[in-house]
Amino acid sequence: MENIITIDEQMIPFKTGQTIMDAAMEAGVYIPHLCHNPEFEPHGSCRVCVVKVNGRMMSSCTTKATAGQKIENNTPELQENRRCLTQMLFVEGNHVCPGCEKSGNCQLQAVAYYTEMLSPRFQHFYPYRELDPTHPDVIIDFNRCILCELCVRASRDIDQKNIFAMSGRGIKAHLIINSPTGKLGDTDLNVNDKAVQVCPVGAIIKRKQGYMNPIGERFYDQAPIDEMGDIAEPHAGAKHHD
Ligand code: FES
């Protein structure tokens, strides 16, 4: 059988070994995702990319494409699940988009727009989380972290520095800094490190660059995320706007 899957009735070719997400990205078909970045091994933690494969819910970033799979992606049921997950992320942290330098360049915000999230639905946790402004070039704001672990993976696998790590489990899981004081200023993080570039939200941001890219001219100001793809890694097949 040919290497073809169908996503919402559209025939999509894939190469052996590719995941459903890989094949979809290559074909320019958007499946929402937050913890996935094609430069890294799939993580499978955010569940935003869950699709129905032959009637069963599976995460598309970790499920291998197999010839003949019939996949549902853009359906009211799946969009509702994704909206619910996005709402949970918004209430679990302190995401105040109008005051965030990443607004317009943020995948969480863009997925919220894509899933037509209009309210938080759940009660806000309003957790107390501190900012770490101790590094001269980078700020980390734990209020905005969505635990995708992209900075952990980038620092470990590409920067070879292991600056970030996860601690705790379940609702207590949180990002920590590997340094004697636990502060970013006591690490050898460089502003050009991959770990700084890869944050999909406003948790890790560069200092001294506020509003260099004005609101209205940011990545997702041009078009919704299903057309633009990831800010760090736009879809090969996504429509791009000048
Ligand atoms: Fe697949 Fe997060 S993108 S689980």
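The values are calculated or read from the model by the stated rules, or taken from the named source; none is laboratory data. From a predicted model like this one, the values you see are computed outputs, not experimental measurements. Cβ sites come from the backbone with ideal geometry, for glycine too, and all protein chains shown count toward neighbours.
Quick notes on this one:
- Exactly one residue among LEU189, LEU147 is of a type outside the set (Ser, Thr, Tyr), touching a residue at least 60 places away in the same chain (Cβ under 8 Å) and either within 16 Å of the ligand (Cβ to nearest atom) or farther than 24 Å from VAL96 by Cα (or both), and that residue is LEU147.
- Selected residue [of a type in the set (A, V, I, L, M), more than 28 Å from GLN123 (Cα to Cα) and over 16 Å from the mean Cα position of the chain (by Cα)] from VAL91, VAL29, VAL51: VAL29
- When residues of the stretch 164-179 are limited to those that are under 15 Å from ASP141 (Cα atoms), in contact with a Ser or Thr (Cβ under 7 Å, 6 or more places away or on another chain) and not β-branched (Val, Ile, Thr), the one modelled with the lowest pLDDT: HIS174
- Subset of the stretch 192-207 [out of contact with any Phe, Trp or Tyr (no Cβ under 9 Å at 6 or more places or on another chain), within 13 Å of ARG156 (Cα to Cα) and either free of Cβ contacts under 8 Å to residues at least 12 places away in the same chain or part of a helix (DSSP H, G or I) (or both)]: LYS194, VAL196
- The stretch 208-230: number of residues that are touching a residue at least 24 places away in the same chain (Cβ under 8 Å), surrounded by fewer than 20 Cβ atoms within 10 Å (Cβ to Cβ) and among the hydrophobic types (A, V, I, L, M, F, W, C): 1
- Candidate set: the stretch 86-99, residues that are surrounded by fewer than 20 Cβ atoms within 10 Å (Cβ to Cβ) and touching a Lys or Arg at 6+ places or on another chain (Cβ under 9 Å); chosen: the one farthest from LYS172 (Cα to Cα): VAL96
- Just one residue in the set LYS206, LYS239, LYS161, LYS194 is basic (Lys, Arg), modelled with pLDDT of 90 or more and within 30 Å of ALA27 (Cα to Cα); that residue is LYS194.
- Across the stretch 128-135, not a single residue is classified as outside any loop (DSSP other than H, G, I, E, B) and in contact (Cβ under 8 Å) with a residue 60 or more places away in the chain.
- Failed condition for CYS35, given (1) surrounded by fewer than 21 Cβ atoms within 10 Å (Cβ to Cβ); (2) of a type outside the set (Asp, Glu); (3) within 16 Å of the ligand (Cβ to nearest atom): (1)
Quick grid of which residues meet (1) within 30 Å of THR75 (Cα to Cα); (2) out of contact with any helix residue (DSSP H, G or I) (no Cβ under 6 Å at 6 or more places or on another chain):
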{"residue": "MET117", "(1), (2)": "yes, no"}
{"residue": "ASP141", "(1), (2)": "no, yes"}
{"residue": "GLU149", "(1), (2)": "yes, yes"}
{"residue": "PHE164", "(1), (2)": "no, no"}
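Let's see how each residue does on (1) in a loop (DSSP other than H, G, I, E, B); (2) crowded, with 20+ Cβ neighbours inside 10 Å:
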{"position": "VAL111", "(1), (2)": "no, yes"}
{"position": "GLU116", "(1), (2)": "yes, no"}
{"position": "SER119", "(1), (2)": "yes, no"}
{"position": "PHE125", "(1), (2)": "yes, no"}
{"position": "ILE146", "(1), (2)": "yes, yes"}
{"position": "LYS161", "(1), (2)": "yes, no"}
{"position": "ILE171", "(1), (2)": "no, no"}
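- Tally of residues being polar (S, T, N, Q), away from the ligand (no atom under 12 Å from the Cβ) and either touching a residue at least 40 places away in the same chain (Cβ under 8 Å) or assigned to a strand (DSSP E or B) (or both) across the stretch 47-73: 3
- Meets criteria (within 12 Å of the ligand (Cβ to nearest atom), aromatic (Phe, Trp, Tyr) and either out of contact with any strand residue (DSSP E or B) (no Cβ under 9 Å at 6 or more places or on another chain) or under 24 Å from ILE140 (Cα atoms) (or both)) for PHE40: yes
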